[in-house]
1. Can you go through K295, K288 and tell me which one is modelled with pLDDT under 95 and part of a helix (DSSP H, G or I)?
2. Looking at G294, is it over 18 Å from N197 (Cβ atoms) and touching a residue at least 12 places away in the same chain (Cβ under 8 Å)?
3. Yes or no: the range 116-138 includes at least one residue that is among the aromatic types (F, W, Y) and farther than 30 Å from K264 by Cβ.
4. Quick one: would you say R233 is more than 17 Å from V195 (Cβ to Cβ), buried (at least 17 other Cβ atoms within 10 Å of the Cβ) and at pLDDT 95 or above?
5. What about D139, is it of a type in the set (D, E), part of a strand (DSSP E or B) and either surrounded by fewer than 19 Cβ atoms within 10 Å (Cβ to Cβ) or in contact with a helix residue (DSSP H, G or I) (Cβ under 7 Å, 6 or more places away or on another chain) (or both)?
6. Can you tell me which residues in the range 32-49 are at negative phi, in a strand (DSSP E or B) and either surrounded by fewer than 19 Cβ atoms within 10 Å (Cβ to Cβ) or of a type in the set (A, V, I, L, M) (or both)?
7. Would you pick out the residues in the range 71-112 that are assigned to a loop (DSSP other than H, G, I, E, B), under 20 Å from L35 (Cβ atoms) and small (G, A, S)?
8. Please work out which residue is modelled with the highest pLDDT, limiting yourself to the range 172-195 and to residues that are in a strand (DSSP E or B) and not charged (D, E, K, R).
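The values are calculated or read from the model by the stated rules, or taken from the named source; none is laboratory data. Just so you know, these numbers come straight off a predicted model, no measurement behind them. Because the Cβ atoms are built from the backbone with ideal geometry, glycine has one as well, and the counts that use them run over all protein chains shown.
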Amino acid sequence: MVLLPAFFILYMVSCNIKTSTAVVLDVAQKPFGKLSEYNFFAGMMSSLKPNARVIPYELNTPLFTDYAQKSRFMYIPEGKTVEYDTTATLPFPVGCCLIKNFYYPNDFREAGGPKRIMETRLLVHRQDGWDALDYVWNDEQTEATLENAGDIKRISWVHYDGSKREADYIIPNKNQCKGCHWNNSTTITPIGPKVRNLNRDVAFDNVTENELTHLKRMGILVHSPATPEESPRLANWSDSVKYSVHDRARAYLDVNCGHCHNPKGPAYTSGLHLNLENTNLQNLGLCKSPVAAGKGTGNRLYDIIPGSPEKSIMTYRLGSVDPGIKMPELGRGLVHQEGLELITRWIAEMTPDACKANK
C-alpha cells in the first residue's frame, strides 16, 4: 500500500481534486451544501472534466444569458434509460441530474483559455419531480456553494470583437428558476435537452459523434430511430450558411421565448405562442394586438408588423433592458445584439401581406 505524503493530500483537498470516479447522488436525501460533494467532476473541479456516467451535451440553439457560455452535462445512473420522445423534453427518469455551468472566458477569442465560472445549476429528478438547485462559485474557483436567495456578481471580459465588456451577472433565486422551468403551474421541467436540439455532432473524448447516436450506443437512449437523419433537427440560430433566416429566427424564439410563450406556459394568456410547434401566424404575433403589455408596447399596435421591424413590439422588447419592457423578463440584463439583428431581419423580410395568409 502506497501512502501519499501529508502535504500532497492537503494540496488535493485545498484544490478540490477528486480521485474517485463515483458520483454521489441520492435523490431521496437533501441537497449537498457544496458542489464538490456530488463528485460530478474528476481532478480539479474547475476543469469541469466529467466523471463516469456524467455525459457532456450541447444544443443546436442555446438560451441567451448575457453572453455567458455554458458547459452542460447529464448524469444518468447505471441501469437507467431514457425513452426517445420528440413531443417534449426527453423524459429523464428519477435519479438523473442535468448539470449546467455558466462561465465567462477572460477573452472570448481564445478557445480553451482562462475562464471564470459563475454558477452551476442542477436539475435533480427526485421521486416527486424536478428540483432546481443553484451553486455559486467562489472567487478562487475552488468550490461552489448552494444558494437559494440568488446573487449579483460583477463580471468583465474581452468580447469576440476585441472590445472590453462589463456586466452585472444575475444569479436567480429558487423561485425565479421556477419562473422559466414552469409546467402547468404545478411542477418544473427541463427546457433544453429535446431530441431536435440534441441532434448534432459533438466531440466525445476527441471523437466526433452525433449526440443521439452516442446516447443510443451507450444504451441510454432507447427506441430511437436507426440514424439521426430520421429525427427532427432544430436550426442553429447563428449558422447563416446552413439555415434560412426564417428557420434560424423560429429556433431562436423557440428556445428563448417558447418555454413561456406556448399554450401551456406561464405566458399562455398572452395568446403569443412562440414555440416551434405553433404554425398559426396570428399566434406567432403577425398583426396581433397585445392582450396586456402596458408600456411594453412602446405605443406600437402589433407584436409583428410584416416588413416593419421598427414598428413591431417584438423588436422593441428584445431591444430593451428596462425591467417593465424587456423580454425575456428573467435571465437577461443585456441586449443580445446578434439575436435582435436576426429577428429584425426576419420581420423585415416578411411581405406586408403576410398576415392575409392566415385568414
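1. It is K295.
2. yes
3. For the range 116-138, residues among the aromatic types (F, W, Y) and farther than 30 Å from K264 by Cβ: present.
4. No.
5. Spelling it out, it is not the case that D139 is of a type in the set (D, E), part of a strand (DSSP E or B) and either surrounded by fewer than 19 Cβ atoms within 10 Å (Cβ to Cβ) or in contact with a helix residue (DSSP H, G or I) (Cβ under 7 Å, 6 or more places away or on another chain) (or both).
6. Passing the criteria: K34, A42, M44, K49.
7. G95
8. Filtering the range 172-195 for residues that are in a strand (DSSP E or B) and not charged (D, E, K, R), the one modelled with the highest pLDDT comes out as T187.
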